[in-house]
Amino acid sequence: MHQKLLVYTDLDGTLLDHFSYSFAAAQPMLELLDENDIPVIPVTSKTRAELFNLRNDLNNHHPFIVENGAAVFIPKDYFPEIPSGCYSFNDFYCYQFSNPRSVYQELLNQVSAEFGDEFITFEQAGTQGIVDMTGLDQASAALANERDFSEPLSWTGSETRKQQFIRLLEDQGATILQGGRFLHVTGGCDKGKALKWLTDQFQQQNPDYRYTTLAAGDSHNDVAMLEAVDHAVLIRSPVHSAPDVTHPNIYKTEAFGPEGWAESLERLSKPFIQSTYSTKPLKAGE
Ligand SMILES: [Mg+2]
C-alpha cells in the first residue's frame, strides 16, 4: 500500500500573507511538494472566481474548496471516474453543500431592523467598500464579491451583540463562520465537512493509496478542518489570537502566514518527500 499525503490549506493569513497576500515565502516548499506529487488543496473563504486566478498564480492543478466549504470543485480530468453527486461546471465537477447566496442575503434583510446598524455586508459595501476593508485591488475585490453560496459581513457592533446576532441567524438555519476579517453567513457547510468529502473521493478513486491528511489554517473558520485531519497546523497570525483547536497532533508555527506554512510543511511532509531539498546552501562543516 502506497502512503500519500494530502495537504489542505487555508489561503488568507495562512498560505497568503495577511497584509500583502503574497505566498513568496512558501514558494520553494510549494515547488517541492509539487515535485513529489503531493496535492496542495486550497480550502478558503474565497470565491470560485478568485480561485480560478489564484490557481494560475500558484501553478496549482488540484481540486479546491470555496466559500468556507460551501462547494468543492474538481478538475474534470483529475479522477478516473466522475465523483458521485456532482454537477458539471465549465472544466470542473462541483459538489455543493450550501444554498445560493440569495438565501443568506434575504435572511440578513430580515434581521436588519434589529442589527442593521452593526454590520456591513459585501453586497452593501460594493467593490470600493471591499477594497477599503481588505486592501485588495479593484479587480480582486470585484472577484471577491462574485459569490455563489455565502454573504460575508464586517461586524462593527459589540462582542455581546455579535453573539446575539449569530444566535438569531443560527436559529433561522444559517451557519456563521468567523474568518480572519469577516463573519461569513452561509448554511449546511464548514471546511471540515467539505474536506472529509473530498478525502473520501481521493480514497475511493485511488484504492491503492492510503492517504494521510494535513491541514493548515489560522482562524476560527479553520477549526472544523483542523480537527478533521491527521496532522493539524495552526498558523500564527499577526492580527488575531489563535482559535481553540482540540487535536492530538497539532503543530503551532512560530512564524506568521506563509513563512509559518513553509516551516510546518518542511517538518511534517518529510516522510513523504523523495527528492532532496535545502532552504539555504550548506556551509562547510554543516
Ligand atoms: Mg485565514
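Please treat every number below as a calculation from the coordinates, not as lab data. Keep in mind it's a predicted model, so treat the numbers as computed, not measured. FYI the Cβ positions are ideal-geometry reconstructions off the backbone, even for glycines, and counts take in every protein chain you see.
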Original post:
Going down the list K162/K196; K193/K252; K76/K270; K196/K270, which pairs span over 27 Å between their C-alpha atoms?
Top reply: K162/K196; K76/K270
Original post:
Where q = 0.11, 0.13, 0.17 Å⁻¹, what log10 of I(q)/I(0) comes from the Debye formula for the chain, counting one point per Cα?
Top reply: -0.63, -0.88, -1.48
Subject >> With at most 16 other Cβ atoms within 10 Å, longest stretch of the chain clear of loop trypsin sites (Lys or Arg not before Pro) (DSSP) >> reply: 77-282
**OP:** State, to one decimal in nm, how far the label point of D137 lies from the label point of S158, with both points 7 Å from Cα in the Cβ direction.
**Re:** 4.3
**OP:** Of the options L5, P28, T47, report the single residue whose Cα projects farthest towards the positive end of the charge dipole of region 1-66 (beta-carbon charges: Lys, Arg +1; Asp, Glu -1).
**Re:** T47
Original post:
So for T175, T14, fewest C-beta neighbours within 10 Å to most, what's the order?
Top reply: T175, T14
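Report the FRET efficiency, 1/(1 + (r/R0)^6), for D57 and Q128, where r is their Cβ-Cβ distance and R0 is 35 Å, rounded to 0.05.
E between D57 and Q128, to the nearest 0.05, is 0.90.
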Subject >> Cα lying deepest toward the dipole's positive end in the chain, options F73, T156, V245, charges on Cβ >> reply: V245
Subject >> Neighbour-count ranking [beta-carbon atoms within 10 angstrom, fewest first] of M1, M133 >> reply: M1, M133
Original post:
Which GluC sites (Glu not before Pro) in region 13-118 pass both tests, a DSSP loop state and at most 13 other beta-carbon atoms within 10 Å?
Top reply: E81
**OP:** Take I65, I74 and order them by how many other Cβ atoms sit within 10 Å, fewest up front.
**Re:** I74, I65
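Compute, for the chain, the length of the dipole vector about the Cα centre, with Cβ point charges of +1 (Lys, Arg) and -1 (Asp, Glu) only. Units Debye, rounded to 20.
The dipole magnitude comes to about 440 debye.
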**OP:** Provide the per-residue ³J(HN,Hα) series for region 172-187, in order, calculated from phi with Karplus coefficients 6.51, -1.76, 1.60 and θ = phi - 60°, each as a whole number of Hz, with x at glycine and proline positions.
**Re:** 8, x, 7, 10, 10, 10, 8, x, x, 10, 10, 8, 10, 9, 8, x
Original post:
What translational D, rounded to a whole number of µm²/s, comes out for region 101-186 from Stokes-Einstein when the hydrodynamic radius is the Kirkwood one over Cα pairs, at 37 °C and 0.692 mPa s?
Top reply: 251
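Using only DSSP helix segments of four residues or longer, with each worth -39500 (n - 2.57), what per-residue ellipticity at 222 nm results for the chain after dividing by its residue count and rounding to 500?
-10500 deg cm²/dmol
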Subject >> Relative contact order (%) - the chain, alpha-carbon pairs under 8 angstrom, separation at least six >> reply: 25
